[in-house]
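The values are calculated or read from the model by the stated rules, or taken from the named source; none is laboratory data. As the structure is a prediction and not an experimental result, all values here were calculated from the model. Here the Cβ positions follow ideal geometry from the backbone for every residue, glycine too, while neighbour counts run over all protein chains shown. Accessible surface areas use protein heavy atoms only, side chains included; no ligands, DNA or RNA. Shrake-Rupley method; radii C 1.70, N 1.55, O 1.52, S 1.80 Å.
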Amino acid sequence: MALSSIVHRMDLDLELIDATTGEGIRDARVTFHSDGKLFPMVKRQCGNYILINSPRLNRQITVDVHGYEPTVVDVKYEELDEMRPIKQVLLIPQITDSTFTSLWSIEGVLPGITDISAVVPSSAPFSYHSYDRARKMVNILNPHKLELTGKDYGLIHTDKESFEAVEAKELKVQTKLMLNDLLEEEFEVANPIARIIFGKVDENGKYLLRVRAPSTDDKTVILCYHVDGKRRYQVLDFTNARELQLERRDE
């Protein structure tokens, strides 16, 4: 008798990430909906949910995770890898009685805004030492021998009023940060390198970004956002606040 085998094809992998920490979602209370119906995703590992043997149709999937803001994911297969259709989903924690003191919120409405991100200087895990342009490599100071959490980092300028966003490819021997692209600006020894935290923006200009409050005296957050195609930076101080808004500027 001939042996038969069953072959499964992975048609989608949603990687659920806590936007404030960069770590995978561990809570098992997760549901998915599409076209008003429950959508069958199978839990694979920490934060990963996969779709097996399903038509590869572009669709919107609503992700509901206990303790996080609901998120709508636009799945467009032409933008995904054919062999490994993985899409990262950044989830923003909800503010509850138990999280009120540990989360800072930047939210409001700003016409023309298209994106928003931030770095927290006092939470930077690395700092700048030198740059090898030929190898697209930043030599870093990493006294606590930390590993990468995600791939998006911001090199903070000396004045701590702006940062350059970079995409890290890998961290070699814990002191060599390999980049996908060249640095555009110059930095000084000990400039902080912090993980970039991303928020969300809707078509009406409503924005939301939350960060974990660090246990340090420095309560500043550096924001980067685009309005009508122009990049802007703003520094917010959360010493006496838990929720702040972006300033409105006429340029």
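Give LYS169, LYS145, LYS87 a once-over and let me know the one that is among the charged types (D, E, K, R) and touching an Asp or Glu at 6+ places or on another chain (Cβ under 9 Å). I'd like the intermediate steps shown before the answer.
Numbers: LYS169 fails: touching an Asp or Glu at 6+ places or on another chain (Cβ under 9 Å); LYS145 fails: touching an Asp or Glu at 6+ places or on another chain (Cβ under 9 Å).
When all the criteria are applied, what remains is LYS87.
Check segment 237-251 and report whether any residue there is surrounded by 13 or more Cβ atoms within 10 Å (Cβ to Cβ) and free of Cβ contacts under 8 Å to residues at least 40 places away in the same chain. Looking through segment 237-251, none of the residues is surrounded by 13 or more Cβ atoms within 10 Å (Cβ to Cβ) and free of Cβ contacts under 8 Å to residues at least 40 places away in the same chain.
Restricted to segment 26-98, the set of strands (runs of 3 or more DSSP E) holding at least 2 residues that are closer than 23 Å to PHE198 by Cα comprises 30-34, 48-52, 59-65, 71-75, 86-91. Any residue at all in segment 85-102 that is of a type in the set (A, V, I, L, M, F, W, C), exposed (fewer than 10 other Cβ atoms within 10 Å of the Cβ) and over 15 Å from the mean Cα position of the chain (by Cα)? No; the residues of segment 85-102 include none that is of a type in the set (A, V, I, L, M, F, W, C), exposed (fewer than 10 other Cβ atoms within 10 Å of the Cβ) and over 15 Å from the mean Cα position of the chain (by Cα). Here GLY205, GLY150 are screened, and the one residue that is within 18 Å of the chain's Cα centre (by Cα) and of a type in the set (Gly, Ala, Ser) is GLY150. Filtering segment 156-174 to residues that are among the charged types (D, E, K, R) and assigned to a strand (DSSP E or B) leaves GLU164, GLU167, LYS169, GLU170, LYS172. For residues in segment 106-122 being assigned to a strand (DSSP E or B) and not aliphatic (A, V, I, L, M), which is most open to solvent (accessible area, probe 1.4 Å)? Per the criteria, the residue is THR114.
Within segment 134-161, residues that are farther than 23 Å from PHE198 by Cβ sit with their Cβ atoms under 7 Å from residues that are of a type in the set (Lys, Arg) and open to solvent by less than 70 Å² (accessible area, probe 1.4 Å), at 6+ positions apart or across chains, in these pairs: MET137/LYS176; ASN139/LYS176.
Which of the following residues is surrounded by 10 or more Cβ atoms within 10 Å (Cβ to Cβ) and closer than 13 Å to SER162 by Cβ: ARG195, ARG232?
Working: ARG195 fails: closer than 13 Å to SER162 by Cβ.
Only one candidate qualifies: ARG232.
Before we move on, is GLU186 part of a loop (DSSP other than H, G, I, E, B) and over 24 Å from ILE17 (Cα atoms)?
Numbers: part of a loop (DSSP other than H, G, I, E, B): yes; over 24 Å from ILE17 (Cα atoms): yes.
It is true that GLU186 is part of a loop (DSSP other than H, G, I, E, B) and over 24 Å from ILE17 (Cα atoms).
Residue by residue through segment 133-151, note down the ones that are touching a Lys or Arg at 6+ places or on another chain (Cβ under 9 Å) and at pLDDT below 95.
LEU148, THR149, GLY150, LYS151
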